[in-house]
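Enquirer: Here it is, the structure in full.
The values are calculated or read from the model by the stated rules, or taken from the named source; none is laboratory data. Fair warning: this is a prediction, and the values are worked out from it, not measured in the lab. Cβ placement follows ideal geometry from the backbone for every residue including glycine, while neighbour counts extend to all protein chains displayed. Please note that ligands, DNA and RNA were not included when accessible areas were found on the heavy atoms of the full protein model with its side chains. Shrake-Rupley method; radii C 1.70, N 1.55, O 1.52, S 1.80 Å.
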Amino acid sequence: MGRKALIDHDELRRLTGEGLSNAELATRFGVSESGVLQAKRAAGLSKPMLDHSRAIPWKLDRSHSQSGPATNLRNLSSVAQGRAIPAEKLNTALRWADRLIAGGLDIAYEPERGFQEVPAVAGRSLIEGVLAEARKALEPAQD
């Protein structure tokens, strides 16, 4: 079993600030890129992982993970969690969710069939909840 490499967090911050890639940092510190990523997390240099489980409560089949509905749900979830996304992606997701809600629709998922638009159940619409969280996060801060 190998020894655990020590990465100096101050040096990591400095080199990251200079724009070194993870591959370059790995070579510099004599660790794998995974080791660099772990050190960045420990040093507070990486963004926290987002949790999209509220917006996508299903285990998606790999073939559906990059579909339009999955992407739109992830984008709305990202915004709800305070992450900035490109305006074009945000507008696409907002228009998609608004269209579903205006049509009285929600989204459902089955691994065999993928995503389907289904009639919304009052008070239990996934799309309404995800959209409301995203819109709340987009509101200007009230002082």
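Enquirer: Calculate the length of the line joining the C-alpha centroid of region 31-84 to that of region 108-129, in whole Å.
Expert: Using only Cα atoms to place each centre, the spacing works out to 21 Å.
Enquirer: Could I ask something else about it? Which distance in nm do the two modelled labels at Leu20 and Ala137 give, with both placed 7 Å along the Cα-to-Cβ direction?
Expert: 3.2 nm
Enquirer: Tell me, what % of the accessible area of region 62-138 is carbon and sulfur with a 1.4 angstrom probe?
Expert: 52 percent
Enquirer: May I pose another question? What size of dipole, in debye to the nearest 20, comes out for the chain about its Cα centre when the only charges are +1 on Lys and Arg C-beta atoms and -1 on Asp and Glu C-beta atoms?
Expert: 280 debye
Enquirer: Further, regarding this structure: Starting at 0 and stepping by 10 Å, how many percent of the alpha carbon pairs of the chain end up in each bin?
Expert: Spelled out bin by bin, the chain gives 10, 30, 23, 21, 13, 3 percent.
Enquirer: Express in Å², to the nearest 10, the accessible area of Arg41 obtained by rolling a 1.4 Å probe over the protein heavy atoms while all chains stay in place.
Expert: 140 Å²
Enquirer: Give me the net charge for the shell around Leu100: Cβ to Cβ below 11 angstrom, other residues only, Lys and Arg +1, Asp and Glu -1.
Expert: Net of charged neighbours comes to -2.
Enquirer: Using a 1.4 angstrom probe on the protein heavy atoms only, could you order Asp98, Asp106 from most to least accessible area?
Expert: Asp98, Asp106
Enquirer: Just tell me which aspartates and glutamates come within less than 18 Å, Cα to Cα, of Lys89; anything on the same chain fewer than 8 places away is out.
Expert: Filter leaves Asp98, Glu133, Glu139.
Enquirer: Between Leu37 and Leu60, what's the calculated FRET efficiency when r is the beta-carbon distance and R0 is 35 Å? Round to 0.05.
Expert: Efficiency at R0 = 35 Å is approximately 0.90.
Enquirer: Continuing with this model, one more query. Check which residues have an amide H placed less than 5 Å from Asp106's amide H, if you skip close sequence neighbours.
Expert: Those lying under 5 Å, H to H, from Asp106 are Val118, Ala120.
Enquirer: Just the accessible area for Lys47, please: 1.4 Å probe, Å², rounded to the nearest 10?
Expert: Solvent-accessible area, nearest 10 Å²: 150 Å².
Enquirer: Which whole-number value in Å² is the accessible area per residue of the chain, probe 1.4 Å?
Expert: Per-residue value: 67 Å².
Enquirer: Report the equivalent ellipsoid semi-axes for region 62-138 in whole Å, largest first, defined as the square roots of five times the eigenvalues of the gyration tensor built from alpha carbon atoms.
Expert: 19, 16, 10
Enquirer: Comparing Ser67, Ser77, Ser32, which has the greatest mean-square fluctuation in the GNM of the chain with Cα pairs linked when under 10 Å apart?
Expert: Ser32
Enquirer: Simple spin-label model, 7 Å along Cα-to-Cβ: Ala122 to Asp98 in nm?
Expert: The two pseudo-label positions are separated by 2.5 nm.
Enquirer: Something else about it: What FRET efficiency comes out for Ser53 versus Leu6 if R0 is 41 angstrom and r is the Cβ-Cβ distance? Round to the nearest 0.05.
Expert: 0.75
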